[in-house]
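One structure below.
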Amino acid sequence: MQTMGSKRTLNIWVVTILSLSFLLIGLFLHLSVGSTIMNIHTIFNAIFQIDQSRETTIIQTLRLPRTILTVMVGAALAVAGALMQAITRNALASPEIFGVNAGASLAVASATLLFATLSPSMTVYAAFIGALLGGLTVYVFASGRKMTHVKLALAGTAIHLFFSSITQAIVILNERATDVLYWLVGSLNGKDWTHVQVASPWIIIGLAIAFLLSRSFSILSLGESMASSLGERVQLIRLIGGLLVIMLAGSSVAVVGPISFIGLIVPHITRKLVGPDYSRVIPISALLGATLLLYADILSHFIVYPYESPVGIVTALIGASFFLYLVRKERLIKQ
């Protein structure tokens, strides 16, 4: 037993070190790629403001805030997915599949097109309201006589499609729809320090609370009766978890649009690597989510180079295949 425990601890350390290494490499690559490729010397000078060249201005005003936002959003979506899978005990749970992203998208698209002077902070509040609406709608439709994992997944998919259809109709019927259409795919293009300032308080607070309550979510994932017998206040933890999902997913959607599948893929990979304990799942999910979105955004630069594709297209291509794999694994749905 002691040997097995030591082996698991070593495995966790290896996963953590590799995740941090890939994240650091991804940060450098993300800052270096764009319409022009920049070397490490130029990036170093720009970060520490050693010179005031054109390259320094580009990195400081365009690439650095985009990189920071990518890391935050990737971590937020991954942790939001992990929390949803813990509080619902559903392997297919994620912000996009349970209607949270679609509700936030509908609210933001409606508010943006109705109010031309909508501020970035008000966009976040609109996303929160939409995320809450989406999550509650799925819960109401799935909680009939008996709530099951399959009913939750089916209700979430139906509400996601319904809200997405309304959002697309609103956009198509409005003449100021071009920017919103691009945003709906999920894009990090054109993000600056304003977007970082708007999203960072909500994401940082949400991640911090999730880390602090990781033990409670770990116990909750064992089942309601087990959690109650261990002294956990199940309904309170579920409420807090739901609010954290709304904070993390809502703020992310508000600034970059509904980026799909990060919240579905990353928690599964994390549990395979470090086990089911959420004191490990949550921080490693944050690392892997940030890393995955970084590399997806890097790839988006080269699909139609020198033009840029929305990162949501890349994550959808990766995530759709993974989702189909999970659907075929019936035992995951029944867990």
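The values are calculated or read from the model by the stated rules, or taken from the named source; none is laboratory data. In this text, all values refer to a predicted model and were calculated from it rather than measured experimentally. To get the accessible areas, we keep the full protein, side chains included, count just its heavy atoms, and leave off ligands, DNA and RNA. Shrake-Rupley method; radii C 1.70, N 1.55, O 1.52, S 1.80 Å.
Structure notes:
- Shape category assigned to the stretch 1-95 from the gyration tensor of Cα positions, a/c cut at 1.5: oblate
- Accessible surface of the chain, 1.4 Å probe, proportion on carbon and sulfur as whole %: 69
- When Phe98, Phe302 are compared by accessible surface with a 1.4 Å probe, the order from highest to lowest is Phe302, Phe98.
- The mean sequence distance of close C-alpha pairs (under 8 Å, at least 6 residues apart), as a share of the length of the stretch 1-147, puts its relative contact order at 14 percent.
- The stretch 158-272, accessible area per residue, ligands and nucleic acids excluded (1.4 Å, Å²): 48
- Rounded if a/c under 1.5, otherwise prolate or oblate - the chain, Cα gyration tensor axes: oblate
- For the stretch 272-284, backbone phi angles converted through the Karplus equation (6.51, -1.76, 1.60; θ = phi - 60°) give residue-by-residue couplings of 5, 7, 10, x, x, 5, 6, 5, 9, 4, 5, x, 5 Hz, Gly and Pro being listed as x.
- Derived scalar couplings ³J(HN,Hα) [the stretch 246-262; Karplus, 6.51 cos²θ - 1.76 cosθ + 1.60; whole Hz; x for Gly, Pro]: 5, 4, 6, 6, x, 5, 5, 4, 4, 9, 10, x, x, 7, 8, 6, 4
- Three-way shape label, the stretch 20-177, alpha-carbon gyration tensor, a/c 1.5: oblate
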